[in-house]
Amino acid sequence: MSYVIIGNSVAAIGAIEAIRKVDKEINITVISDEPYLVYSRPLISEFLAGQVKEEMMGYREPGFYEKNGVTTKLGKRVVAIDSAKKSVKLDNGEEVAYGKLLIATGGTPFIPPMKGLGKERIYTFIKMDDAKQIDALVPEMDHVVIIGAGLIGLKAAESLHHRGVEVTVVELANRVMAAVLDVDAGGIVQSALEKAGINIVTENTVDEILGGKAANGVRLKDGREIRCDAVIVAIGVVPNAVFAKESGVEVNRGIVTDNHMRTNLPDVYAAGDVTEGPDYLNGGNRVIPIWPNAYIQGKIAGLNMAGVEREFTGGLAMNSIELFGVPVITAGLSNIDSDDLEVLTKIENGNYRKIVLRGSTIVGAVFVGKIDRAGIITGLIRDQIDISSMRDRLLADDFGYIDFPVELRKERLGAVAK
């Protein structure tokens, strides 16, 4: 038997480390369409900003693969899975047999239909090669248009701004980070961006990318034209599961797994951003494309692949980002309207705090600016603690463990708590 992992990001690392805790002998093969050893994807914006070098981006030490008995096939893409033969086929025609297979291919950029696609100088921004291609052109660029004001688009905007490039961000919604921030929170972040010099166009979208061989501008839905030297499409990501679906793996929005991270095919598992996983706050399954969740799913998958039963109990959607000195943390159901939810908010001196309640438990939170209590609130969300006795203190600047009931305080802080 051999373990084969398709993909080489954080979910793969979680699986490798879990397998090796149980099975130190059987070979692990990692296949990835990227030519790089595992790196920290969140750092590509810092790389583009010139704040970190490529050699500083490794997610594990250089000898990680050798130490863990991992064979790598980098720069090669899996095009099909043959579950009957228990093998995967690569784009160069090679076949690799597996005993247990993990699909950890992450996400792929979502690019909506628009006129002018296919030109040069149109980029996405989720991988190292994306950042390298854009970085190489920075000396030639004066103005870049970014389509999408989510986390990816705004970090790309910040990075290019630091390099002296003028940036215009075009967003269909009426505010930045609309998926996780409400109007008030989005307004604070947008003000910081505009104050720093980022141009923000909301309630609009790109209808056509202009230019001949290479992009040199965009035409917006309202007819306005914006000249630029490149376009970055950063609307979002979708699970990278096309080849898996074509091979018989059950795919809804992402690959469908059970709580052991098993797919519908025997001995085939999936983990990370390519999957749908249980959301214990909102019920049902959903794609939760966040770094810690991917590692945990990879770990659970690895243990089960090696014969140790473990269940994934559910993910918590969380995001943490800092833009031009303004930190933002969101957790759980941060921006969902529902009759069974109650929202508490506080805006003061450019800081924003939002707590979302379902009955006597916290199910969501947003912190913009002052974030020093975010960890405590996130813990209450994760553990679904009854907050009835401290409800009136949740938005206080000095809310903390002192507000917890004595027994809960002892549990959190140990014997020193009284």
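Bear in mind that the values in this text are calculations on the coordinates, not laboratory data. Here the structure is a predicted model, which is why all the values come from computation and not from measurement. For neighbour counting, all protein chains shown are included, and Cβ atoms are generated from backbone atoms with ideal geometry for every residue, glycine included.
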Would you grab the residues whose amide H sits under 5 Å from the one on residue 210? Only those 5+ places off in sequence or on another chain, please, with H modelled 1.01 Å from N. 216, 217, 218, 219
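Label segment 19-132 by shape, choosing from rounded, prolate and oblate, from the square roots a ≥ b ≥ c of the eigenvalues of the Cα gyration tensor; if a/c is under 1.5 it is rounded, and otherwise prolate applies when a/b is larger than b/c, oblate when it is not. Don't skip to the answer; put the middle values down first.
Values: a/c = 2.73, a/b = 1.31, b/c = 2.09.
Oblate is the answer for segment 19-132, as a/c is 1.5 or above yet b/c matches or exceeds a/b.
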Find the eigenvalues of the gyration tensor of the Cα atoms of the chain, then list the square roots of 5 times those eigenvalues as equivalent ellipsoid semi-axes, largest first, in whole angstrom. 34, 33, 19
Scalar couplings 3J(HN,Hα) for segment 316-330 by Karplus 6.51 cos²θ - 1.76 cosθ + 1.60 (θ = phi - 60°), nearest whole Hz, x for Gly and Pro, are 10, 5, 9, 9, 9, 8, 10, 10, 6, x, 9, x, 9, 10, 10
In Hz, Karplus ³J(HN,Hα) per residue of segment 396-407 (6.51, -1.76, 1.60; θ = phi - 60°; x = Gly, Pro): 5, 4, 9, 4, x, 4, 5, 7, 6, x, 3, 5
Return the sequence-ordered ³J(HN,Hα) values of segment 231-238 in whole Hz as given by the Karplus equation 6.51 cos²θ - 1.76 cosθ + 1.60 applied to θ = phi - 60°, using x for Gly and Pro. 10, 10, 8, 9, 6, x, 10, 10
Inverse of <1/r> over all distinct C-alpha pairs of segment 204-357, i.e. the Kirkwood Rh in Å, gives 19.0 Å
Of 347, 147, 296, the one that fluctuates the most in a GNM where the chain has Cα springs shorter than 10 Å: 347
Give me the lysines in straight-line cross-link reach of residue 195: C-alpha distance below 19 Å, same-chain residues under 8 apart excluded. 155, 370
Once you compute Rg and the Kirkwood Rh from C-alpha atoms, what is the Rg to Rh ratio for segment 75-231? 1.08
Separation of segment 250-308 and segment 47-95 by C-alpha centroid, Å? 20 Å
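Sort 65, 36, 98 so the one with the fewest other Cβ atoms within 10 Å of its own Cβ comes first. Show your work: numbers first, answer last.
Details: 65 19, 36 15, 98 22.
Lowest count first: 36, 65, 98.
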Give me the percent relative contact order of segment 172-275, please, defined on Cα pairs under 8 angstrom at least 6 residues apart. 14 percent
Mind listing the long-range amide H neighbours of residue 79? Cut-off is under 5 Å, sequence gap 5 or more, other chains count too, H placed in the peptide plane at 1.01 Å from N. 89, 90, 91
Spin-label pair residue 133/residue 64, simplified geometry with 7 Å Cα→Cβ offset, distance in nm: 2.5 nm
Under 16 Å Cα-Cα from residue 221, which lysines qualify once same-chain neighbours fewer than 8 residues away are excluded? 115
Residue 242 to residue 203: FRET efficiency via 1/(1 + (r/R0)^6), r the Cβ-Cβ distance, R0 45 Å, to the nearest 0.05? 0.90
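Step through the table entries 89/299; 24/299; 76/127; 73/119; 24/85, compare each Cα-Cα distance with 23 Å, and write down the pairs that go over it.
Working: 89/299 25 Å; 24/299 15 Å; 76/127 15 Å; 73/119 31 Å; 24/85 25 Å.
Exceeds cut-off: 89/299; 73/119; 24/85.
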Using only alpha carbon pairs under 8 Å that are at least six residues apart, calculate the relative contact order of the chain and give it in whole percent. 15 percent
Counted charge near residue 98, where neighbours are those whose Cβ lies closer than 11 Å (Asp, Glu -1; Lys, Arg +1): 0
Residues with amide H under 5 Å from that of residue 99, placed H, sequence gap 5 or more: 2, 3, 4
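What is the projected area of the convex hull of the Cα atoms of segment 328-416, averaged over all directions, in nm²? The partial results should precede the final answer.
Working: hull surface 22.6 nm².
Over every viewing direction, the Cα hull of segment 328-416 projects on average to 5.7 nm².
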